[in-house]
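Worksheet: the structure to be examined is printed underneath.
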Amino acid sequence: MKVVNVVGARPNFMKVAPLHRELENHPNFEPLVVHTGQHYDEQMSEVFVDELGLPEPDRYLKVGSDTHARQTAAIMVAFEQTLHELAPDLVVVVGDVNSTVACALVAQKIGVSVAHVEAGLRSFDRTMPEEINRVLTDQLAEYLFVSEPSGLENLAREGVPSDQIHFVGNVMIDSLVDSIEMARQKSGLETFGVTEGEYVLVTLHRPSNVDNSERLATLVDILCTAAERWPVIFPAHPRTRERLEDLGFDEDFEHVEHLHLSDPLSYLDFLQLMDGAGTVLTDSGGIQEETTILGIPCLTLRDSTERPVTVEMGTNELVPLDPETVLRKLEARMEEQQAGTDDPPPFWDGRAAERIVQVLEKWG
Ligand code: UD1
């Protein structure tokens, strides 16, 4: 069975890598990788391919950045041609980025089965582009691989037939389990001159936070105040860096001694810094999950999460963008010795890819 695994944006690589490896270990499967090129900078793409042991993609579609419509359309046009050439039996898409929905739509329309890994997550906020991508991809896919219990409830409520839904756990945690020891050998803490448990790690890239200059100004304010108390490490996504530079905030940061604005980090470098952080401040989806497994407090600067199990576990907390509240919560979390419970969410155990391949083998 020929399987095309789609990668496009940064959070896709750590989800596809364990699955690709597992498929390679089973003689019934011929896994291929198609990279749409949604993310293209070395720090957003190549470095992840290398560290996670993914092979060079079999096809690289080079679509790059554009508006949502143009980017999604460009992926669809290029992917359709690619599918005609590769003629796979199955297309696997992961997560909720534009590449996910674009490739699922193309595959289904030319009669190739689609599997969606990380199905069923819902923030119930349709102003998030990712929410639209999730809902549509789940409607298109024949195989829905679910990572947390809320996904099962959401898909059942939306009327997805139960024989299409498979609760397999979290493939991103497979990558974390595989890589954590290697990450702990890195020297990120020395590079930034910080001590374990005593710094704040920050990531921000949601359009709702960084594309709005008022919200971005509030965030900058929060980070500058926090840095008076604890070292703050802020590896900025290219979108965020651009907005900070447009508004001149990057220069403000230069005057704050303990605020380290850096380029995006590699998977292992970031994993190490997350593992050693006192608290993580973020608007990312995946980081809410990774901190849950690492037992690191995570404050999520959003009004909703599509990953409610991370809140139930006690590591993650949704925080409104109000400086006083964020700083108060940060203070409380920095004091904490142990975040969350010792029991991970079900099937977040490093074996999700194995379960997915077991399901696919029955089909093949
Ligand atoms: C995308 C995903 C988001 C995911 C994020 C992870 C969608 C709708 N959004 O958001 O869900 O959390 O990736 O990073 O798919 N850029 C570069 N170099 C790159 C890629 C992007 O400089 O390699 C810059 C470009 O200016 C681009 C901007 O970042 O316009 C945004 O990139 P885009 O892929 O459109 O969305 P992300 O914000 O990265």
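Read-outs: derived from the displayed coordinates by stated rules, not from any lab. Computed from a predicted structure; not experimentally measured. We place every Cβ from the backbone using ideal geometry, glycine too, and count neighbours over all the protein chains shown.
The relative contact order of the stretch 40-191 comes to 16 percent, based on Cα pairs under 8 Å that sit 6 or more residues apart.
Potential lengthening of the chain between Ile132 and Ala332 amounts to 68.5 nm, from the contour at 0.36 nm per residue minus the alpha-carbon distance.
Cut-off 12 Å, label point 7 angstrom out along Cα-to-Cβ of Met182: give me the residues of the stretch 230-246 whose amide nitrogen falls inside. Counting only backbone N, you get no residues.
The calculated FRET efficiency for Arg229 paired with Asp303, based on their beta-carbon distance and R0 = 30 Å, is about 0.70. The stretch 297-364 and the stretch 251-294 have Cα centres lying 15 Å from one another. If the segment from Val311 to Glu42 were pulled out straight at 0.36 nm per residue, it would be longer than the present Cα-Cα gap by 93.6 nm.
Considering only Cα atoms, the convex hull volume of the stretch 215-364 works out to 135 Å³ per residue. Listed by chain and number, the aspartates and glutamates whose C-alpha is less than 18 Å from the C-alpha of Lys362, apart from same-chain residues fewer than 8 away, are Glu22, Glu24, Glu30, Asp89, Glu142, Asp163, Glu354.
Would you mind classifying the stretch 303-364 by shape? Square roots of the alpha carbon gyration tensor eigenvalues, ordered a ≥ b ≥ c; an a/c under 1.5 is rounded, otherwise it is prolate if a/b is larger than b/c and oblate if not.
Taking the square roots of the gyration eigenvalues as a ≥ b ≥ c, the stretch 303-364 is prolate.
Peptides 218-231, 332-345 ordered by packing proxy, namely the average of other Cβ atoms within 10 Å per residue, highest first: 218-231, 332-345. Put a dot 7 Å past the Cα of Asn212, heading toward its Cβ, do the same for Glu158, and the two dots end up 2.5 nm apart. For the pair Glu257 and Asn25, a Förster radius of 41 Å applied to the C-beta separation gives a FRET efficiency near 0.25, rounded to the nearest 0.05. Other residues lying with their Cβ under 9 Å from the Cβ of Arg302 contribute a combined charge of -2, Lys and Arg counting +1, Asp and Glu -1. Long hydrophobic helices in the chain, taken as whole DSSP H segments with a C-alpha length of 30 Å or more on their own axis and mean Kyte-Doolittle hydropathy at least 0.0, are absent. By the Cα gyration tensor, the chain has an equivalent ellipsoid whose semi-axes, rounded to whole angstrom, run 34, 22, 20 from largest to smallest.
Dipole magnitude for the chain: computed about the Cα centre from +1 point charges on Lys and Arg Cβ and -1 point charges on Asp and Glu Cβ, it is near 1040 debye.
The spacing between the stretch 177-194 and the stretch 68-106, judged by their C-alpha centroids, is 35 Å. If R0 equals 41 Å, the separation of the Cβ atoms of Glu324 and Trp363 corresponds to a calculated FRET efficiency of about 0.15. Each Cα pair under 8 Å and six or more residues apart adds its sequence gap; the mean of these over the residue count of the chain is a relative contact order of 16 percent. For Lys109, the lysines whose Cα comes closer than 20 Å to its Cα, not counting residues fewer than 8 places off in the same chain, are Lys2.
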